[in-house]
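S.K.: Have a look at this one before I ask anything.
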Amino acid sequence: TDIIESEDRTEPLSLTGSVIRNPPQTTTIASLQTEMQEAALAAVHHLTSLQREDGWIPGIVDPMHRGNPYAVSWPRLTFVAWALSEWGAASHSKEALSSSEKLIAYCKYATKTLSLSTQEKALCAAYLGKAAQALGDERLVEQQQSILLQQIPSLTFEPISYGQAASFLLYSGNSVAREAGMGLFQKMLQTFLKERESGEILSLASYAEL
């Protein structure tokens, strides 16, 4: 079990809500921005150093073999493709854009040929769709919308899946996709409000898209 210790190391901190070191002051915003940019660059360099020629990035780094082919989470891998695409588009980083394009191509082929659960298919389509939106690839956006819409009738409720699917579809130029996205969003919102009113402990990370 992963925990985060309190500053005095006498107790674990709760992981059910946001945890920050100190409230940032106005004078520290610039330094915080620099720190975040440096962290993003380091993450991109790390990912591209692991990436293979065919686009695959290993899910676990084995110091002896540089990767474990059996440790693949397709939703997480497509999430990485989205993150690289967003950073590449925002920073105009050729390194990130090239890496994201190779990873998207790899994931598109793999998710078509592998036997994945409905939830995995939905998340992969949402993340690849968001990557395509960041890159301005309308053809890929439409392809992933079509895949995602096919999964929705059998998609059981889980806030992260619903949230990611909704946030992708709601920005669509397709009215059918937007309507489906709004339906997912409303279901997630009503569930969140009901659980909050009941006094249940909520994982805020599960409802991040709200």
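The values are calculated or read from the model by the stated rules, or taken from the named source; none is laboratory data. Owing to the predicted nature of the structure, the values given are computational and were not obtained by experimental measurement. FYI the Cβ positions are ideal-geometry reconstructions off the backbone, even for glycines, and counts take in every protein chain you see. SASA here: full protein model, heavy atoms, side chains in, ligands and nucleic acids out. Shrake-Rupley method; radii C 1.70, N 1.55, O 1.52, S 1.80 Å.
S.K.: Tell me, what is the percent relative contact order of segment 105-210, built from C-alpha pairs under 8 Å that lie six or more residues apart? All intermediate terms of the calculation are to be shown ahead of the outcome.
M.R.: Values: 100 pairs, mean separation 24.7, N = 106.
Averaging sequence separation for qualifying contacts and normalising by length gives 23 percent for segment 105-210.
S.K.: Something else: Short version: ³J(HN,Hα) in whole Hz for each residue of segment 99-106, in order, from phi by Karplus 6.51 cos²θ - 1.76 cosθ + 1.60 (θ = phi - 60°), x for Gly and Pro, what are they?
M.R.: The phi angles translate into 5, 5, 5, 5, 5, 4, 4, 5 Hz.
S.K.: Starting from the Cα of Ala90, step 7 Å along the direction of its Cβ; do the same at Glu11; then give the gap between the two resulting points in nm.
M.R.: Placing both labels 7 Å beyond Cα along the Cβ direction yields 3.5 nm.
S.K.: With every protein chain present, what is the per residue accessible area of segment 78-149 (1.4 Å probe, Å²)?
M.R.: Accessible area per residue: 48 Å².
S.K.: Go ahead and run the numbers for FRET between Gln37 and Thr156, Cβ-Cβ distance against an R0 of 30 Å, rounding to 0.05.
M.R.: On the way: r = 39 Å, r/R0 = 1.29.
Rounded to the nearest 0.05, the efficiency is 0.20.
S.K.: Using a 1.4 Å probe over the heavy atoms of the protein chains, calculate the carbon and sulfur portion of the accessible area of segment 161-210 as a whole percent.
M.R.: Of the solvent-accessible surface of segment 161-210, carbon and sulfur hold 53 percent.
S.K.: Taking R0 as 35 Å, what FRET efficiency do you get between Leu193 and Glu53 from their Cβ-Cβ distance, rounded to the nearest 0.05? Please report the intermediate quantities before stating the final value.
M.R.: Details: r = 48 Å, r/R0 = 1.37.
That pair, Leu193 with Glu53, gives E of 0.15.
S.K.: Bin width 10 Å, origin at 0, all Cα-Cα pairs of segment 125-210: what percent of pairs per bin?
M.R.: 18, 48, 25, 8, 1
S.K.: Starting from 0.36 nm per residue, how many nanometres of slack lie between Arg76 and Gln143 once their C-alpha separation is accounted for? Walk me through the numbers on the way to the answer.
M.R.: Numbers: separation 67, 0.36 × 67 = 24.12 nm, distance 1.95 nm.
The span from Arg76 to Gln143 would gain 22.2 nm if fully extended.
S.K.: May I ask you to order 135-147, 75-87 by the average number of other C-beta atoms within 10 Å around their residues, highest value first? Don't skip to the end; give the middle numbers.
M.R.: Numbers: 135-147: 17.1, 75-87: 22.8.
Descending packing order for the listed peptides: 75-87, 135-147.
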